[in-house]
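A short reminder: the numbers here are calculations on the coordinates, not readings from a lab. What you see is a predicted model, and the numbers here were worked out from it, not measured in a lab. Note that we place each Cβ from the backbone using ideal geometry, even for glycine, and neighbour counts take in every protein chain shown.
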């Protein structure tokens, strides 16, 4: 068995920096989007990209695959797309000389390191659900056989926020399987001016490859080894529980506004994303700042607003801002004391 590749903390930080720099050659501005996208990839999670049309989501993901040396495939979701168009199908083949016939499995585009599900909400739920097993177990089952997907496997799905006709909303269970939801805004005037200069002339800004699948896997393994002190871990748990209106810890802003708070996957996402940011920032431990910086992408798609609250102008941004402000005002000893009382266990058990 071949020995698994390893990376040092310095190599992790440098690779993260170089990947962010190379993505910037083709994708102008949007530093927050790029940082959160890379954090999700090195944390081993899937990404949901949302925003207005024309903001370069397809270009961003394609460039990401090139920069990280990952096998990249793209599926354009349409109303007539079938599950077999994603995972593959068994086809009966015949040999002219012998007359023998046998089934041969033709692998679909899901067998890649980086899969772009472009405009995923343009296909019916039946087709969307073909990705559920791939997202959770990193495998597909077809014809009585279970086939593992390449490692790493990362799904990036895109949605246009302006679409209202001819779309099929993703189910809550599938949305929850995305580690982050990143929403893009329009670029600033300076960024848009730079974008025009780079894309309408002859100047080439081709990004360079900085890693490969083995390096990405090594960075994902290293991220899991980053220690988290109990007080910071408890802070992530407290933020997630405070998003649920039915909990004693719920923020006042959630009452009458939030229909369903964040799931336990949100706390896992906060910690894994925090670990990646800690390494990218040259530290061997997760800080409060690392957790607070990823609250928005980790929770925005997991906090479901009440219909009436949305009609009255309530937004995810306002709710998440309130959660972050409450967390910033809470001292670490207070968080740890809350966790001990909640779980009735010693702090360092």
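Quick notes on this one:
- Segment residue 330-residue 165, extension gain: residue separation times 0.36 nm, minus the distance between their alpha carbons: 55.0 nm
- Among 186, 72, sorting on how many other beta-carbon atoms sit within 10 Å of each Cβ, with the fewest leading, yields 186, 72.
- GNM result for the chain, Cα springs below 10 Å: residue of 48, 330, 284 fluctuating most strongly: 330
- Added length on full extension, which subtracts the Cα-Cα distance from 0.36 nm per residue, residue 101 to residue 5: 30.3 nm
- Measuring nothing but how far apart in sequence close Cα pairs (under 8 Å, 6+ apart) lie, relative to its length, the chain scores a relative contact order of 22 percent.
- In degrees, nearest ten, helix 213-224 long axis to first principal axis of the chain (Cα): 20 degrees
- Axis of helix 31-42 versus longest Cα principal axis of the chain: the two differ by about 70°, to the nearest ten degrees.
- Cα convex hull, the chain: 194 Å³ per residue, rounded to a whole number.
- Computed on the stretch 254-328, with alpha-carbon pairs under 8 angstrom and 6+ residues apart, the relative contact order is 40 percent.
- The stretch 92-170 - convex hull of the alpha-carbon atoms, volume per residue in Å³: 128 Å³
- Distant alpha-carbon pairs in the stretch 226-343 (separation over 21 angstrom), percent: 35 percent
- Normalising the average separation of contacting C-alpha pairs (under 8 angstrom, six or more residues apart) by the number of residues puts the relative contact order of the stretch 9-216 at 33 percent.
- Note on the chain: helix-only mean residue ellipticity at 222 nm, from DSSP H runs of 4+ residues weighted -39500 (n - 2.57) and normalised by residue number, equals -12500 deg cm²/dmol.
- Whole-number Å³ per residue for the convex hull built on Cα positions in the stretch 9-216: 163 Å³
- For the chain, the longest principal axis of the C-alpha atoms and the axis of helix 316-329 are separated by about 50°.
- Residue 129 paired with residue 221, simple spin-label distance in nm, labels 7 Å along Cα-to-beta-carbon: 3.7 nm
- Of 196, 60, 23, the one that fluctuates the most in a GNM where the chain has Cα springs shorter than 10 Å: 196
- Summary of packing: across the peptides 267-275, 128-136, the per-residue average of other C-beta atoms within 10 Å ranks them, highest first, as 267-275, 128-136.
- A Gaussian network model of the chain, with springs between Cα atoms under 10 Å, assigns the largest mean-square fluctuation among 162, 70, 149 to 162.
- Taking a point 7 Å out from the Cα of residue 284 in the direction of its Cβ, the residues of the stretch 220-237 whose backbone N falls within less than 20 Å of it are 220-233.
- The chain: antiparallel DSSP beta bridges as a percent of all, rounded to 5: 40 percent
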